[in-house]
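Participant: Provided herewith is a single structure, encoded as structure tokens, for subsequent inquiry.
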Amino acid sequence: MNRTFITHFIRRQLSLDGLWQLTPTLQSDWQSRPVLVPGCWETLPGLENYRGTSLYERRFSASGNVRICFEGVGHTASVFVDGQAAACHYNAYTPFSVLLRHLPAGDHIITVEADNRYSPDSTLHIPNDYESYGGISRPVVLEWLPDVYLESVHLTPSFRDDGWHLNIQAKVQNIGDGPHTVSVSSQINGQCIFLGTADLEAGESAVLEAEEQIDGIEPYEPESPALYTVNTLLTCNGEEDPCDDLIERTGFREVKVKDGQILWNGKPMRIKGVNRHEAHPQFGNALPLEAMAYDLQLIQDVGANAVRTSHYPNDQRFLDLCDEMGIFVWEESHARGLSEEQMRNPNFQPQSLDGIHEMVDAHYNHPSIFIWGILNECASETTFGRECYEEQFRLLRLLDNSRPVSFASCKADKDLCLDLVDVVSYNIYPKWYHDTPAGEYLDWLYQWVQDASWGKGKPFLITEVGAGAIYGFRSPAKPKWSEERQAVILKEQLRAILNREGITGVFLWQFCDIRVSEEWFRSRPRSCNNKGITDEYRRPKLAYETVREIFRTFNTWQ
Ligand code: ADA
């Protein structure tokens, strides 16, 4: 299923994961065959480099109001039910669903045409320093919906004079043919909260909201990640039994920015994090739960307390695991390294805004997410670029004003967007892409940000730092690409950052080596980004031990 916990006791759900018939439409010598969903076709023999469209097809049996939820299809999906077009969606890393009203009883065929080609229609999936995989790469769930159902429930905890409060916003949707009167309530920790009633005409939706103090709460801390389930129930037209439910989870914590620090429940955070791509030689970007959990075990073993989901929203199950394990998450919307010219593509802003909307809507409740990021290393140094950042931040803050926002800049003293963020974040590669010693470079950059009025006094994070090494290449001379060289550079970088006053922390680049798109082969030996502290199979390099020693000497709280 799509989560690590039960989300409905009333609403019927059926996982559509399993075998689907795959037919690559542009590679006729590949025999159509059943393949496992979730999955991506680059992991299948003969399709390792396939860039094109493919049809995924399977049967299902259902009737009435049915919704089919896709957690992620790479990168463009056209969905057909019994041959009729039902939905279209762009962006491999955000969810979407197909609503089928009054589906007749019997067997039906669902066909998903997935497309991973590059074209001006695709502004975020471009040749890049990671692979844009093709296929249904995240879980698929079929749900039976009543005429009125709970579309989403957003939970916002806050600490007041009288203790912990929870704000609950439930979105209710009428997909029936006539009017309905609905009432909504939520249960948490043995307490029942009434959200209100609403009269909904056919096709209408409403947001019902309530806030209450909750008794007996244990706050959510990384050392003791106390999670609470919130069971929201919808009753319709005065009936006694609820017709729909939605179970979400929350953790009671507040994230605030004050005096140059990020405060977690009032305590100044120190980030010791890793950047992680969803990538694995055996699974592509469709890692099974076991592989995600293994990554998180390694991340904790190396002494890290945080993950940055570079450079897109992650599989919701990964975020569930982070919630459960008490690992801080910087989640960011999809984009990497776009120039002003690329951002001027008329599709860019709508595709980015849709992605932000879908990310926040779906991942709002994860207590582990402490900050939202957007537009990694895009044109934050130009006036046009700034306009794009500004509009995207406006939307982000509108959707969620309970978390700080930021973006990872590589524009050093040319950046024009630092007034738009709560946290200043930079990607830096001293001793790898240039020769300035890490401490010296950091001092210069930090000072520049303090002198430039728009970044002054804000928390300062290093969102990337690192060096490359080819697994198994050892040499006492420490040449470029040797494991020794990587370990030495990371040691200098991490020590300079973590020992410097005024810096909130660091996400090292990166957790593991990853495949990159073919177009990057000139700058990337093995067509991989080799800056992982493990290789792509998660075998630790020398630097793993170096990082472990450093990370373990610094506390989570400053
Ligand atoms: C950038 C970028 C990463 C990666 C890294 C590198 O800062 O954000 O995606 O490309 O550099 O390895 O050079």
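The values are calculated or read from the model by the stated rules, or taken from the named source; none is laboratory data. These numbers come from a predicted model, not from an experiment. Because the Cβ atoms are built from the backbone with ideal geometry, glycine has one as well, and the counts that use them run over all protein chains shown. These accessible areas exclude ligands, DNA and RNA; they are computed on the full protein's heavy atoms, side chains included. Shrake-Rupley method; radii C 1.70, N 1.55, O 1.52, S 1.80 Å.
Participant: Before I look further, what does region 405-460 give for accessible area per residue, probe 1.4 Å, in whole square angstrom? The partial results should precede the final answer.
Facilitator: Details: 2190 Å² over 56 residues.
Roughly 39 Å² per residue, with all protein chains present.
Participant: Could I ask something else about it? Return one whole number: the accessible area per residue of region 156-293 in Å², for a 1.4 Å probe.
Facilitator: I get 42 Å² per residue for this part.
Participant: Please report the antiparallel percentage of DSSP beta bridges with both residues in the chain, rounded to the nearest 5. Display every interim value, and only then the final one.
Facilitator: Numbers: 102 of 132 bridges.
Here the antiparallel bridges make up roughly 75 percent for the chain.
Participant: Give me the extension gain from Glu48 to Cys192: residue separation times 0.36 nm, minus the current Cα-Cα distance, reported in nm with one decimal.
Facilitator: Value of the extension gain: 46.6 nm.
Participant: Whenever you get a sec, compute what percent of the accessible area on region 173-213 sits on carbon and sulfur atoms (1.4 Å probe). Please list the in-between numbers first.
Facilitator: Numbers: 860 of 1970 Å².
So the carbon and sulfur contribution to the accessible surface is 43 percent.
Participant: Sort Tyr471, Tyr118, Tyr389 by heavy-atom solvent-accessible area, probe 1.4 angstrom, most to least.
Facilitator: Tyr471, Tyr118, Tyr389
Participant: For the chain, what is the Kirkwood hydrodynamic radius in Å, using each pair of distinct C-alpha atoms?
Facilitator: It is 24.5 Å.
Participant: Given R₀ = 45 Å, what would the calculated FRET efficiency be for Asn167 paired with Leu289, taking r from the Cβ atoms and rounding to 0.05?
Facilitator: Values: r = 31 Å, r/R0 = 0.68.
Calculated value: 0.90.
Participant: Hey, with R₀ at 51 Å, roughly what FRET efficiency would Ile10 and Glu440 work out to, going by the Cβ-Cβ distance, to 0.05?
Facilitator: 0.25
Participant: Related question: If you take the square roots of the eigenvalues of the alpha-carbon gyration tensor of region 123-175 and sort them as a ≥ b ≥ c, do you get rounded (a/c under 1.5), prolate (a/b over b/c) or oblate?
Facilitator: oblate
Participant: Still on this structure, I have one more. Mind grabbing the accessible area of Ile428 for me, 1.4 Å probe, Å², rounded to tens?
Facilitator: In the full protein context, Ile428 sits at about 10 Å².
Participant: Taking Cα centroids, how far is region 361-410 from region 444-508 in Å?
Facilitator: 23
Participant: What are the lysines whose alpha-carbon lies under 29 Å from the alpha-carbon of Lys478, with same-chain residues fewer than 8 places away excluded?
Facilitator: Straight-line reach from Lys478, under 29 Å: Lys272, Lys431, Lys491, Lys531, Lys541.
Participant: Checking the a/c ratio against 1.5 first, then a/b against b/c, what shape does the Cα gyration tensor give for region 113-217? Could the numbers behind the result be given before it?
Facilitator: Numbers: a/c = 2.96, a/b = 1.55, b/c = 1.91.
Judged from the Cα gyration tensor, region 113-217 comes out oblate (a/c at least 1.5, b/c at or above a/b).
Participant: On average, how much accessible surface per residue is there in region 328-396, in Å², for a 1.4 Å probe, leaving out ligands, DNA and RNA?
Facilitator: 30
Participant: Starting from the Cα of Phe159, step 7 Å along the direction of its Cβ; do the same at Glu518; then give the gap between the two resulting points in nm.
Facilitator: Reported label-point gap for Phe159 and Glu518 is 5.4 nm.
Participant: With a point put 7 Å past each Cα toward its Cβ, work out how far Arg397 is from Ala85 in nm, to one decimal.
Facilitator: About 3.8 nm separates the two model spin labels.
Participant: With a/c under 1.5 counting as rounded, go ahead and sort region 47-182 into rounded, prolate or oblate using the C-alpha gyration tensor (a ≥ b ≥ c being the square roots of the eigenvalues; past the cut-off, prolate if a/b is larger than b/c, else oblate).
Facilitator: Because a/c hits 1.5 or more and a/b fails to exceed b/c, region 47-182 counts as oblate.
Participant: OK, next. Calculate the FRET efficiency for Arg526 and Asn499 from the Cβ-Cβ distance with a Förster distance of 35 Å, rounded to the nearest 0.05.
Facilitator: Calculated transfer efficiency: 0.55.
Participant: Let me ask something additional. Can you give the calculated 222 nm mean residue ellipticity of the chain, where each DSSP H run of n ≥ 4 adds -39,500 (n - 2.57) and the sum is split over every residue, rounded to the nearest 500 deg cm²/dmol?
Facilitator: Mean residue ellipticity at 222 nm (helix-derived): -5500 deg cm²/dmol.
Participant: Where the accessible area of region 359-479 is counted over protein heavy atoms with a 1.4 Å probe, how much of it, in %, is carbon and sulfur?
Facilitator: Within region 359-479, the accessible surface is 51 percent carbon and sulfur.
Participant: Could you report the accessible area of Arg344 in Å², rounded to 10, computed with a 1.4 Å probe on the protein chains as they sit in the structure?
Facilitator: Accessible area of Arg344: about 130 Å².
Participant: Here's a follow-up. How high is the relative contact order of the chain? Use alpha-carbon pairs under 8 Å, at least six apart in sequence, and give a whole percent.
Facilitator: Here the relative contact order equals 13 percent.
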